[in-house]
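Remarks on the structure that follows.
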Amino acid sequence: MTPAFRILCCSRVCPWVWRTAWAASIGFFFLAALAGENPPRYLHFDEVRETLLLNADSGLPGSEIKEGAAWDAWIRARDAEVRGRIDRGVEDSISNLILYGASFTSLPRVESVEFAATESGELRPAAVARIHALALALASGAKDERVGFVRDFLARKGIGRNFEESYFTGNLRRFIAEQAGYQKKLEDAAKGRDPSSVYLARGTLFETRGLSVDTSLLPNFALEETLRAMIRKGALTAESMRRIAVIGPGLDFTDKRDGYDFYPLQTLQPFAVLEAVARLDLGKPEDLEVVCLDLNSAVIAHIQKLAERGRAGEAYTVELPRDPRAEWSPEAISYWKNFGEILGSPRKPLPVPASLGGVAVRAVAIRGQFAARIQVYDANIVAETLDFPPGQGFDLIVATNVLVYYNRLEQALAMANIARLLNPGGIFLANHPLPSEHASDLRYLGRRTTAFTPSGVYGDDVVVYRRR
Ligand SMILES: C[S@@+](CC[C@H](N)C(=O)[O-])C[C@H]1O[C@@H](n2cnc3c(N)ncnc32)[C@H](O)[C@@H]1O
C-alpha cells in the first residue's frame, strides 16, 4: 500500500476529512475569485520576443514578426485558425465511432483503419454498413450520449437527414487518407540515415490535423513513471507540488487506442495527475489544485460540470477498460489495477457489450471533494495565457498528445507560455520531442521511455523540462 493510501485508511481519516472540507471551501472561493479576475489573454509580444528571434530563420508563418502590432494581429488570426481545426477533430472522433463503436450497432467492429477502405480509397462494405447503422441510430432518436453528440454536431453544421451518410463517407475517406499520410511520413523518416529522424518526425506528426479530444489511460502511467524516476534521481523533493496544470485533458469519446464507447464520456488526466502527485508524496492530496486549459467546448463543459457536481458532494465515476489481448506489461496492469486508490473507491463496472468480449473493466468513483478541486479555462496554449499572483503559478504542467498538433514555432510559443505559467523550479512534462529553440527560462532535463507492453512497441517517451 502506498503511503498516501495509508493516510486515507488509518484513524486520521476523520480530522483529514474535516481539514479537507475546510481547505476545499477556502480553496474553492479563492479559485472562483481567481477565475473571475483572471480571464485568459493573448500572449504579449514581449513574452514571445525571444522565441520569435530564436526561430527567425525557420521560415514558419509568424517567425518573421519583429514588432508588437504585427504580433497582436498575427496571434489573434492564428488563434482563430487553430480553433478552426476543432470541428475537423470532432469529425475524426465520429469516424472512430463509426469504425469501432459498439453502442449504436451490433455489427462487428472494423479491425483497424487499413481494413476500412481499399487502396484506392473506396470504403469497404463493412465500413459502409456501419455508416448506415449510425444514420439509422440518429434517425431512431436513440438516447445514447455519443449518438446525441453526433446529432447536435450535424445540426450545428447544417447537415440534413438525407445527407448524413454522404457526409460520414466523405469524412471517413479523408480520415483514412490522412492516417495513411502519417504512416508514410514515418516510413519516409525511417529511410533517412539519422536514427533519431523517426522520433523527431513524431514531434509534429499531426501539425495540420483536426484537433481531436480523444484520450486514454496509459500516457498517465508514463507521466507517473517519469515523476517516480525523477524522485529516485533526487530531482524532485517531497511535498514540492501544490498547483498542477493539465493542458488539453481530453475527453474519452471513443477511447483513442481501442475505440470503446460502452461508458459515458469521461476525462481521466486531471485525476491521474492529481493521484500521481499524491501517490509519490510530491503533494498532499488535500492541498492539491488542478487547473485545466483546453479550447474544446465539450471538454470545458464536461469538466465544469464534474467540478460543480463535486462541490455538491457527487462522485465522478470513471470506467477503465483493458483489452487483455493488448499484452500490457505487469507494471502497466498494476497501474490500471491501482488507479483511483487514493481518490476514490471501486464500483461495479458497466457491462461490456458482447461484441467486445474479453475486455476487462474496472470502475472507480472519485470522491466529490477531488472533483471539486478541478478547474478549467478556455485557453489556447499556443496563443493565450493567464496571470496569477506571484507564487500562484504551477509546480507541474503536463501536456500529452497536445503539442504534436502544432508546428515547431507554435510548440516553441506554447513552451514560452508554459515557462511563464510555471513557478521557478516547476516541472513541465510532454510525451513527444519539442523544439530546442525555446525560451531560455525552460531547461531540458532529459527524456524517459515507458513501455506499455513487454516488447516496447507501444509506449511513451516523456520529455522533462524545469523552469529556471
Ligand atoms: C488528443 S487529446 C489528448 C488528451 C490527453 N492529454 C491524453 O494524452 O490522453 C488533445 C487535447 O488537447 C486539447 N488541445 C488541443 N490543442 C490545444 C491548445 N492549443 N490549447 C489547449 N488545449 C488544446 C484538445 O481539445 C484535447 O482536449
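So, in the range 385-395, how many residues would count as being surrounded by 24 or more Cβ atoms within 10 Å (Cβ to Cβ) and not in a strand (DSSP E or B)?
Residues of the range 385-395 surrounded by 24 or more Cβ atoms within 10 Å (Cβ to Cβ): 394.
Now narrow it down to the ones that are not in a strand (DSSP E or B): none.
Going through the range 385-395 one residue at a time, the tally reaches 0.
From Val382, Val404, Val398, which residue is in contact with a His (Cβ under 7 Å, 6 or more places away or on another chain) and either within 16 Å of the ligand (Cβ to nearest atom) or not in a strand (DSSP E or B) (or both)?
Among Val382, Val404, Val398, only Val404 is in contact with a His (Cβ under 7 Å, 6 or more places away or on another chain) and either within 16 Å of the ligand (Cβ to nearest atom) or not in a strand (DSSP E or B) (or both).
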> Which condition number in (1) in contact with a Gly (Cβ under 7 Å, 6 or more places away or on another chain); (2) over 28 Å from Ile98 (Cβ atoms); (3) of a type outside the set (Val, Ile, Thr) is the one that Asp294 fails?
Replying inline: (2)
>> Go through (1) within 15 Å of the ligand (Cβ to nearest atom); (2) assigned by TED's automatic domain parsing to the domain that holds Phe452; (3) over 20 Å from the mean Cα position of the chain (by Cα) for Thr226 and report which single condition fails.
In response: (3)
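What helices (runs of 4 or more DSSP H) completely inside the range 65-148 contain at least 2 residues that are without any contact (Cβ under 8 Å) to a residue 60 or more places away in the chain and surrounded by fewer than 20 Cβ atoms within 10 Å (Cβ to Cβ)?
Numbers: elements: 68-83, 86-100, 125-139.
Of the helices (runs of 4 or more DSSP H) lying wholly inside the range 65-148, those with at least 2 residues that are without any contact (Cβ under 8 Å) to a residue 60 or more places away in the chain and surrounded by fewer than 20 Cβ atoms within 10 Å (Cβ to Cβ) span 68-83, 125-139.
Determine whether the range 350-363 contains at least one residue that is within 16 Å of the ligand (Cβ to nearest atom) and among the basic types (Lys, Arg). Spell out the reasoning first.
Our first condition is that a residue be within 16 Å of the ligand (Cβ to nearest atom); within the range 350-363, this holds for none.
Looking for residues that are within 16 Å of the ligand (Cβ to nearest atom) and among the basic types (Lys, Arg), one finds none in the range 350-363, hence no.
Looking only at the range 403-415, decide whether some residue is among the charged types (D, E, K, R) and more than 23 Å from Ile86 (Cα to Cα).
Applying the first criterion (among the charged types (D, E, K, R)) to the range 403-415 yields 408, 410.
With the extra rule that they be more than 23 Å from Ile86 (Cα to Cα), the set shrinks to none.
No, because not a single residue in the range 403-415 is among the charged types (D, E, K, R) and more than 23 Å from Ile86 (Cα to Cα).
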> Which of the residues belonging to the range 352-379 are at pLDDT 95 or above and in a loop (DSSP other than H, G, I, E, B)?
Replying inline: Arg367, Ala372, Arg373, Ala379
>> Exactly one condition in (1) at pLDDT 95 or above; (2) more than 28 Å from Asp261 (Cβ to Cβ) is false for Ser120; which is it?
In response: (1)
>> Need pairs with beta-carbon distance below 9 Å; first residue within 10 Å of Leu295 (Cα to Cα) and in contact (Cβ under 8 Å) with a residue 40 or more places away in the chain and within the range 368-387, second assigned to a loop (DSSP other than H, G, I, E, B) and among the β-branched types (Val, Ile, Thr); sequence gap 6+ or separate chains.
In response: Ile381/Val402
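The values are calculated or read from the model by the stated rules, or taken from the named source; none is laboratory data. This is a predicted model, so every value here is computed, not measured. Virtual Cβ from ideal backbone geometry, glycine too; neighbours counted across all protein chains shown.
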